[in-house]
Each structure stands twice: as structure tokens, then as C-alpha cells.
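Encoded as C-alpha cells, the structure appears first; notes follow it.
Bear in mind that the values in this text are calculations on the coordinates, not laboratory data. Here the structure is a predicted model, which is why all the values come from computation and not from measurement. Don't worry about glycine lacking a Cβ; one is built from the backbone with ideal geometry, like all the others, and counts go over all protein chains shown.
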Amino acid sequence: MPGLLSGIDILEAAIVLPRIGAWWGDIQLDTEDTLTGTALIEYSSWSLAGSVSDGGEAVHGRNPLRVVGGMGRIGDEAEAKTFRGAPIRLPIVDTVESVGEVVSATATGGLSMVLAHWIRIRRQAAQAVGMLARKGGFAWRFLPDGTFWFGEETWPEASVEHEVMDELPMHDAVVIATDELLLPGTTFRGRRVGRVQMLPHLSRTTVWFEVGSA
């Protein structure tokens, strides 16, 4: 099905949405213009807000580029900082906002762990957040609206019109035909979704399930 990136026709797209981490998409556009900054991927029933992280050179009218979730800054370095007696939410929000990303209003506020003493050395914000996430046992990712979410998974049921095209039991995966957006962190066909790869121009989505979630 046809799609747009910031109003420009998408020729092909491969978009990966992990349960933990930033989503990314490799896009080919029908333009020879160079794109930078924020970018909105739009299809008829869904959209993803991100930013251009790597723009290629147009060849024969096809412009390849990569779009990542949010403002595209989670890979930037966060300055060193020390936290004492802080709820774990505080250094997460501080790290994310310090590099220019926006924290979702739906991010879990009730994470009860308190850090007696935690030092954030100068490092990529994604690395710092990853360390805190592993320590607290929670997930983090970017939502379709481009905001940063973190918290404990609730695994809501996903309701997506689809047709099963292929079963991949060796990979704990299934390939479906759908024009809808299926998100990680949900429950689909009775199993927990860990990662999704979309080929929206072909109306195909591959869904990888969490190990042991059968």
C-alpha cells in the first residue's frame, strides 16, 4: 500500500520495532531531495514519528535514508552526573531529556526502586538508560508519537486484522499480511510480542515472540 514520509511518496520501507530500544526504518523515497530533521512515516491507518539519521544519495530518482524513533538523539552522549537517594525514574528522565528527547506522559511513574548512589559517566544516553532498565527490570522504547516510554510491561491484547502467511516455529515467529500497526509489548495470537519487522509497501509484517511466552 502507498505511504508518505513527510509528504513524499515512499517506494519501499523496512521498519523494525523492538520491545527494548529505539525503532528504525530503512526507507526509499521517490525524490532526489536531501531530507534532514524530523520525519513522519504515514500509512492509511497508522503513523510513526521519528527523525532522519542517515540520508543517502538519490540514484535514478530513488533516495535511500534511515529514520529512527523520536528526535534521533538517544545515541547522543549524556554528560556525567551523580544521583544519590533518587528514585530510578529520576536519572532515566534526566538522561533522556538531557539529549533532547521527549518523555511520554504514559511512562510508568510508579517504579519504586531507589538508587542509594548511581553515577552516570559520560556515555550514550541509550547505554545509560539500558543499564538502568536492566537494573530495574523494565523496558524502554519509542512510541508511535515519537515520545520515549519506559516502564513495566502490561502486555495488552493487540487487535489487528490479518491473514497468516507463514509460520516460522524455529524462530518463534509468524509472517502476517496486514495494513495495520502491530506493536511490541503486546499480546498477539496468545503470545507476547518481542519484535516486529514491517514491510508496509508489501502489507507484510513478521512478528517475533518472546521466548517461553507460548
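Express the relative contact order of the chain as a whole percentage, based on alpha carbon pairs under 8 Å and six or more residues apart in sequence. Write down the numbers at each step before the final one.
Values: 516 pairs, mean separation 43.0, N = 214.
Computed over the chain, the figure is 20 percent.
Could you calculate the contour length gain from MET165 to SER47, that is, 0.36 nm times the residue separation minus the distance between their Cα atoms, to one decimal place in nm?
Numbers: separation 118, 0.36 × 118 = 42.48 nm, distance 2.37 nm.
Between MET165 and SER47, full extension yields 40.1 nm more.
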* Asked: For region 77-151, rounded, prolate or oblate, judged on the Cα gyration tensor with a ≥ b ≥ c (square roots of eigenvalues), a/c < 1.5 rounded, else prolate if a/b > b/c?
  -> oblate
* Take every Cα pair under 8 Å in region 1-80 that's 6+ residues apart, average their separations, divide by the length, and report that relative contact order as a whole percent. => 28
* To do: Would you calculate the separation in nanometres between label points at VAL103 and LYS135, each defined as 7 Å from the Cα along the Cα-to-beta-carbon direction?
  => 1.5
* Asked: What number, in percent, do you get for the relative contact order of region 77-151 if the mean sequence gap of Cα pairs under 8 Å and at least 6 apart is divided by its residue count?
  -> 41
